[in-house]
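A.B. asks: There's a structure below that I have some questions on.
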Amino acid sequence: MKKQRLDAYLAHAGHGSRQEVKKFIKKGRVTIDGIVCKNAKQMVTDEVIMVDGQLCELPPESIDAIIYKPLGYACSHDPREAPLVDELLPVEWAGAGVQMAGRLDRQTSGLLVLSTNGQRIHQLIHPKKKIPKRYQIEYMGKLHAKAIQKCADGLHLENEQDPCLPAELTIHDDKHATMIIYEGRYHQVRRMIAAVGGEVVSLHRDKIGNLELPEQMEPGDIAGFGDEETWEVLLQSDK
């Protein structure tokens, strides 16, 4: 690792902005190889750096992972909207620039893809790629007799200029259904179910592309991956 200033190192490691870390460096909260350092300009490389007695490590150069988003968490970086999915990520990822693909609203659980590779994120979310996303739905109300066909034809939602891309609705019983969509409009699945006579009670995404949320994962769990084969699976648009 190249030499860099202590304040830059700590900011990159996710401990705050340069100005924020300068303040706690001055307070003597940082040690380098066991010795308190109050000099933000101190150059560091591979020394053992600790903040409040906790080892400080730089984030990985690249991150590719999936997370099981629990209910109640927002896919936002605004602390005013806490609790945030960001709070579930390892502390050492804070300065890595992790992006989310396929955001979910606070009341929807399930599969999110995380990456520091912006190009990969763009490929996953761009409508032209038509990456399928599968949702498990619990609903109330009575769906229209032609609900399946209406979704397949491309629903025209209220206040939307263009109709939705054709979607695949499978009705399991009078409370449960599965829907596969190929875009990511605002509250799209909820609005589509409402347009065909129902109201979503619970919503869970369990698949993006050909990548399914592993059964053994629990809400809040994170699983890393980084191989090209996994990304190829993700980007396949066949069911």
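The values are calculated or read from the model by the stated rules, or taken from the named source; none is laboratory data. This is a predicted model, so every value here is computed, not measured. Don't worry about glycine lacking a Cβ; one is built from the backbone with ideal geometry, like all the others, and counts go over all protein chains shown.
A.B. asks: Consider Gln136 carefully, then state whether it is among the polar types (S, T, N, Q), at pLDDT 95 or above and touching a Cys at 6+ places or on another chain (Cβ under 8 Å).
C.D. replies: It is false that Gln136 is among the polar types (S, T, N, Q), at pLDDT 95 or above and touching a Cys at 6+ places or on another chain (Cβ under 8 Å).
A.B. asks: Report, by residue number, each residue of segment 1-21 that is of a type in the set (Lys, Arg) and not in a loop (DSSP other than H, G, I, E, B).
C.D. replies: Arg5, Arg18, listed by residue number.
A.B. asks: So which residues in segment 110-147 are farther than 19 Å from Leu169 by Cα and among the small types (Gly, Ala, Ser), if there are any at all?
C.D. replies: Across segment 110-147, the qualifying residues are Ser115, Gly118.
Residues checked against (1) more than 14 Å from the chain's Cα centre (by Cα); (2) surrounded by 13 or more Cβ atoms within 10 Å (Cβ to Cβ); (3) farther than 23 Å from Ile181 by Cβ:
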{"residue": "Val44", "(1), (2), (3)": "yes, yes, yes"}
{"residue": "Asp52", "(1), (2), (3)": "yes, no, yes"}
{"residue": "Leu55", "(1), (2), (3)": "yes, no, yes"}
{"residue": "His77", "(1), (2), (3)": "no, no, yes"}
{"residue": "Val98", "(1), (2), (3)": "no, yes, yes"}
{"residue": "Arg106", "(1), (2), (3)": "no, yes, no"}
{"residue": "Ser109", "(1), (2), (3)": "no, yes, no"}
{"residue": "Val113", "(1), (2), (3)": "no, yes, no"}
{"residue": "Thr116", "(1), (2), (3)": "no, yes, yes"}
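A.B. asks: Keeping to segment 148-164, report how many residues are surrounded by 12 or more Cβ atoms within 10 Å (Cβ to Cβ) and part of a loop (DSSP other than H, G, I, E, B).
C.D. replies: The qualifying residues number 6.
A.B. asks: Moving on. Across segment 1-22, what is the number of residues that are surrounded by fewer than 13 Cβ atoms within 10 Å (Cβ to Cβ) and without any contact (Cβ under 8 Å) to a residue 24 or more places away in the chain?
C.D. replies: The number of residues fulfilling the criteria is 2.
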